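I have placed the structure first, in the form of structure tokens, so that the comments after it can refer back to it.
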Amino acid sequence: MIIPRYCDSRRGAGKFRPEAVEETMRIFRAIAAAGLAVSALAMGASGSAAAEYPERNVTMYVAYSPGGGTDVMARTLIPYLEKYLPGDGSIVVENKPGAGGEIGFTAIATAENDGYSIGMINVPAVVTPLIQRTPGYDLDSFETLGNVVSDPGTIVVREDSEFQTLDDLVTYVRENPGSLPIGNSAIGGSTHTALLRFLGMADLEVTHVPFPGSAPSRTALLGGHVAASIMGLGEAGPYHQEGKLRILGTMASERWDEVPEAPTFKELGYDIVAGSDRGLVAPAGIPEDAATALAEAVRQAVADPEFQEEARKQLLPLNYLPPKEHREHLAETLTKMEEVWERTPWGK
């Protein structure tokens, strides 16, 4: 660096002055420090923007057919998850129906754990394969992000059915054991195991007709291919309100305000509460910041008044559980389903 010589018009002009050198160095140092500070701030801002999750689209796996209760709930929830996630990526549904949900649950568990693959799980459907066999996942394969809906099992018939009440159906089954075809959304799935619990309690036998989700089960019922079906109250409710289906009973702990005329099994003399819980998970081991952002988005989405109104219109019974409680619920349900298996094994 060239050090300038300071001159003035007085005597001695042009004389080298050390104090001027020190002053010049001080100025240069201040300018350099300011430049470094500005660069650091710019880099920090750039890094912060780049770190906002998600930076690209997120795939949400749904283990059932389009149009079913889980699929409808997922698509209703997605705009609100996107609203509360800090990044710019969208969430795209990929349906993976089959094997009672096991195909879709396995897809979630084995997906890349980079935060860009998530999925809806149904309880108890996600735990029943663990009792029957060794699927491609276990409970430790998932990072729980929060439960959203708890939909009680509901037995429905067509509006023109001869069965006006649950007692009518029970009487027929007692007189004709094994002959009544009842649809469900998969062997070992949430609706099937709920029905098994009821049948075991009442000592009844029917013909189980499994489908890859509630939507095809409902279609079969409306087409007269089965005499009755069991599905979620939220799935049956709109068709009941339209006069296409009749609800004989719901396995809720109490009547639901949105369908107040639907009696509970408890009221009808059967002490059973069962159904399907639907929540969000990711593959285990996703980055902590992604897990935190997703879990917080689920919490905020369920609390959003606009989402709650959407859920009310679609008859989705909301029941938020934070990640820790969601994980505990999975473990508790596995224990309960093991007890059901001991009494009434399915799929054998």
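The values are calculated or read from the model by the stated rules, or taken from the named source; none is laboratory data. Worth saying up front: this structure is predicted, and the values here are computed from it rather than measured. So basically every Cβ, Gly included, is an ideal-geometry build from the backbone, and we count neighbours across all protein chains shown.
Checked against the criteria, Lys244 counts as more than 30 Å from Val340 (Cα to Cα) and more than 24 Å from the chain's Cα centre (by Cα).
Based on what the data block shows, is Ile272 hydrophobic (A, V, I, L, M, F, W, C) and within 19 Å of the chain's Cα centre (by Cα)? It is false that Ile272 is hydrophobic (A, V, I, L, M, F, W, C) and within 19 Å of the chain's Cα centre (by Cα). With the structure loaded, tell me whether Pro322 is surrounded by fewer than 20 Cβ atoms within 10 Å (Cβ to Cβ), closer than 30 Å to Thr110 by Cβ and in the same structural domain as Pro181 (by TED's automatic domain parsing) or whether it fails that test. Here the answer is no, as Pro322 does not meet what is asked. Quick check on Asp257: is it outside any helix (DSSP H, G or I) and modelled with pLDDT under 90? When the stated conditions are applied, Asp257 passes them. Sub-7 Å Cβ pairs linking a first residue in segment 166-195 that is of a type outside the set (Phe, Trp, Tyr) to a second residue that is surrounded by fewer than 24 Cβ atoms within 10 Å (Cβ to Cβ) and in a helix (DSSP H, G or I), at least 6 apart or interchain, are Val170/Ala202; Leu180/Tyr172; Leu180/Val173; Gly183/Ala220; Gly188/Pro129; Gly188/Gln132; Thr193/Met337; Thr193/Val340, ordered by first then second residue. Would you confirm, using the coordinates I've provided, whether Ala274 is crowded, with 21+ Cβ neighbours inside 10 Å and over 19 Å from Gly68 (Cα atoms)? So Ala274 fails the test.
Of Ala293, Ala262, Ala284, Ala297, all but one fail to be outside the structural domain of Gly69 (by TED's automatic domain parsing), surrounded by 15 or more Cβ atoms within 10 Å (Cβ to Cβ) and of a type in the set (Gly, Ala, Ser); the exception is Ala262.
Test Ala252 against the stated conditions and say whether it is part of a loop (DSSP other than H, G, I, E, B), out of contact with any Phe, Trp or Tyr (no Cβ under 7 Å at 6 or more places or on another chain) and of a type in the set (A, V, I, L, M).
Criteria met by Ala252.
When Arg246, Arg218 are checked against the criterion of being modelled with pLDDT of 95 or more, under 30 Å from Val302 (Cα atoms), of a type in the set (D, E, K, R) and not assigned by TED's automatic domain parsing to the domain that holds Ala303, a single residue qualifies: Arg246. Per the conditions (1) of a type outside the set (D, E, K, R); (2) in contact (Cβ under 8 Å) with a residue 40 or more places away in the chain; (3) over 23 Å from Val273 (Cβ atoms); (4) in a helix (DSSP H, G or I), the sole criterion not satisfied by Gly224 is (4).
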